[in-house]
Amino acid sequence: MKADQFQAPDYYNLDDLLSDEHKMVRDAAREWVKREVSPIIEEAAQKAEFPKQIINGLAEIGAFGPYIPEEYGGAGLDQISYGLIMQEIERGDSGVRSTASVQSSLVMYPIFKYGTEEQKKKYLPKLASGEMMGCFGLTEPDHGSNPSGMTTTFKDNGDHYLLNGAKMWISNAPFADIAVVWAKNEEGRIYGLIVERGMEGFTTPETHNKWSLRASATGELVFNNVKVPKENLMPEKSGLGAPLGCLDSARYGIAWGAIGAAMDCYDTALRYAKEREQFGKPIASFQLQQKKLAEMITEITKAQLLAWRLGVMRNEGTATSAQISMAKRNNVEMAINIAREARQVLGGMGITGEYSIMRHSMNLESVITYEGTHDIHLLITGADITGIPAFQ
Ligand SMILES: Cc1cc2nc3c(=O)[nH]c(=O)nc-3n(C[C@H](O)[C@H](O)[C@H](O)COP(=O)(O)OP(=O)(O)OC[C@H]3O[C@@H](n4cnc5c(N)ncnc54)[C@H](O)[C@@H]3O)c2cc1C
C-alpha cells in the first residue's frame, strides 16, 4: 500500500470551532492512525483478520470510553472529542472504528448508564484499557430492523438466570471477553445482561466470507441454557429504550466516523488527480474530474457542520434520537457516494489495495446498514416530522 500522505481537508476553517483540547485529541488520534493503522490495515483486510496488535494503541488515544469519567478509567472527554476520535479512526478503516464504537458506546456506555456500581468498578477500567474487550448482542437471525420482536429470553432459576437464544452479526464477538446481551424476561421486558466468555453453553462462532469490514471480526452469540449470575443483570433501565440509548451514542460516533472515510477518499483522489496525466495534462485539469472533487469537498463540509452542531447539542444534552438518525444517515450516504466517485477518479488503480478507496467503499456498505439501516433512519425522520410512524 502507498505511504499515508493524508492531509485533512478543512474548507470552512472548522478548526476555529474547536478548542485546544479537541485539536490535541484529534491530532494525537490522527498521528496514531498514520503510524499504527495505515501500514498494516490493507493486509489485515485482505486476510480478513482483526489486527489485535492495535488494541493497546486504541486505548492510549482514548478510543475506549472517550466520554466515560476518569474515575472509571475513561478519558473524561466531551462529545466533540469523542466524535473527532471516531473520525480519525475511520479515516484509517471503518472496521477499526467499529471495534472502538462497540467497546465505547455499546459495551461501556450501557454498563455506565444502566449498570450497578459493582459492575462499573469490575468492568469499566478493564474495558477502557483494552485488557478486556466487549461486544453487543441485539440483532437476531429473524429480528434485525425490528429488535422488539427478539426471542432471546432469560428466566429466573433460583440463584441465577437461564439464558437461551441466539444473536447474529455481532462485531467483536469472536474475541470478546464479555457480551452485553439484550433479552426478554418472563414478562417480555427487555434487559441487558453481561455474559462472560467461558460460561457454559455460550459460544461465539465467527461469520466468514464478508466483503465488507474485513478487518473487523463478526460472529454469532449462541446461548444454550447459559447460567448467568443474577448480579450480571443491568438493573437501571429496561425496555427497548435501553439498547436504543446505546445506539444513539454509537450512531453519533458513526456520523463523525463516516466523515473520516470520506476525507480519506477525497484527499487520495485529489492528490492522484493532480499527479496523474492523460492527454498531456493532469486529469485534475479536466472539468469532469473537477466537478467530482468540488462536489466531494462541498458534501464533506456540509457533513462536518452537521456533525459539529450535533456534537454541541450532545454536549448540552439536547440532541434528539431523530437528529442523530438524520446525521448518521446523511453522513454515511455522503461517504459512500464520495468513495464511489473517488474510485472512478483513480481509474483502474482505484480497484487495487494500493489505495484505500475500494476498502472504504466496501466497508461503508456495512456502515450504511448497521446501527439502523439507511431506510429505517429515513423513517425515523419521517415519523418525527409527521408524527406518523410508517414502520408497519
Ligand atoms: C458487519 C456488521 C456488523 C454488525 N454488528 C452488529 C453488532 O455488533 N451488534 C448487533 O446487535 N448488530 C450488529 N449488526 C446488525 C445490524 O444492525 C443489522 O444488520 C441491521 O439492523 C439490519 O438488520 P437485518 O440485517 O436483519 O436487515 P432487515 O431488518 O431484514 O432489513 C432488510 C431490508 O429491509 C428494510 N426494512 C426493514 N424494515 C423496514 C420497514 N419497516 N420499512 C421499510 N424498509 C424496511 C431494511 O431497510 C433493509 O433494507 C451488524 C451488521 C453488520 C452487517
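Listed here are the helices (runs of 4 or more DSSP H) enclosed by segment 92-131 that have at least 3 residues being more than 18 Å from L77 (Cβ to Cβ) and open to solvent by 10 Å² or more (accessible area, probe 1.4 Å): 117-129.
Among the residues of segment 75-94, are any at positive phi and away from the ligand (no atom under 16 Å from the Cβ)? Within segment 75-94 (the criterion being at positive phi and away from the ligand (no atom under 16 Å from the Cβ)), the answer is yes, since at least one residue qualifies.
Residue under question is Y272, and the condition is that it be touching a residue at least 12 places away in the same chain (Cβ under 8 Å) and open to solvent by 20 Å² or more (accessible area, probe 1.4 Å); does it hold? Yes; evaluated as a whole, the condition is true for this residue.
Here is a yes/no grid of residues against (1) open to solvent by less than 20 Å² (accessible area, probe 1.4 Å); (2) over 25 Å from I336 (Cβ atoms); (3) not aliphatic (A, V, I, L, M):
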{"residue": "K2", "(1), (2), (3)": "no, no, yes"}
{"residue": "D16", "(1), (2), (3)": "no, yes, yes"}
{"residue": "S19", "(1), (2), (3)": "no, yes, yes"}
{"residue": "P39", "(1), (2), (3)": "no, yes, yes"}
{"residue": "E42", "(1), (2), (3)": "no, no, yes"}
{"residue": "Q53", "(1), (2), (3)": "no, yes, yes"}
{"residue": "I89", "(1), (2), (3)": "yes, no, no"}
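Within segment 364-392, the set of residues being in contact with a Gly (Cβ under 9 Å, 6 or more places away or on another chain), in a helix (DSSP H, G or I) and more than 9 Å from the ligand (Cβ to nearest atom) comprises just one member, I380. In the set (1) more than 13 Å from the ligand (Cβ to nearest atom); (2) among the charged types (D, E, K, R); (3) open to solvent by 50 Å² or more (accessible area, probe 1.4 Å), the condition left unmet by R359 is number (3). Across segment 101-124, the number of residues qualifying as within 27 Å of P205 (Cα to Cα) and without any contact (Cβ under 8 Å) to a residue 60 or more places away in the chain comes to 3.
Would you confirm whether or not segment 238-256 contains a residue that is in a helix (DSSP H, G or I) and touching a His at 6+ places or on another chain (Cβ under 9 Å)?
Looking for residues that are in a helix (DSSP H, G or I) and touching a His at 6+ places or on another chain (Cβ under 9 Å), one finds at least one in segment 238-256, hence yes.
If you go through segment 362-374 and keep only what is in contact (Cβ under 8 Å) with a residue 60 or more places away in the chain and either open to solvent by 80 Å² or more (accessible area, probe 1.4 Å) or within 16 Å of A327 (Cβ to Cβ) (or both), you end up with L364, E365, V367, Y370, E371, G372, T373. Of all the residues in segment 328-356, those that are closer than 25 Å to N146 by Cβ, open to solvent by 20 Å² or more (accessible area, probe 1.4 Å) and either basic (K, R) or touching an Asp or Glu at 6+ places or on another chain (Cβ under 8 Å) (or both) number 2.
One residue stands out in segment 155-182 among those that are more than 12 Å from the ligand (Cβ to nearest atom) and either within 23 Å of V102 (Cβ to Cβ) or within 19 Å of the chain's Cα centre (by Cα) (or both): the one that is most open to solvent (accessible area, probe 1.4 Å), namely D177. Test S145 against the stated conditions and say whether it is open to solvent by less than 60 Å² (accessible area, probe 1.4 Å), within 13 Å of the ligand (Cβ to nearest atom), in a loop (DSSP other than H, G, I, E, B) and not β-branched (V, I, T). No.
The values are calculated or read from the model by the stated rules, or taken from the named source; none is laboratory data. These numbers were taken from a predicted model, which means no experiment stands behind them. Please note: Cβ atoms are built from the backbone with ideal geometry, for glycine as well, and neighbour counts cover all protein chains shown. Only protein heavy atoms, including side chains, enter the accessible area calculation; ligands, DNA and RNA are left aside. Shrake-Rupley method; radii C 1.70, N 1.55, O 1.52, S 1.80 Å.
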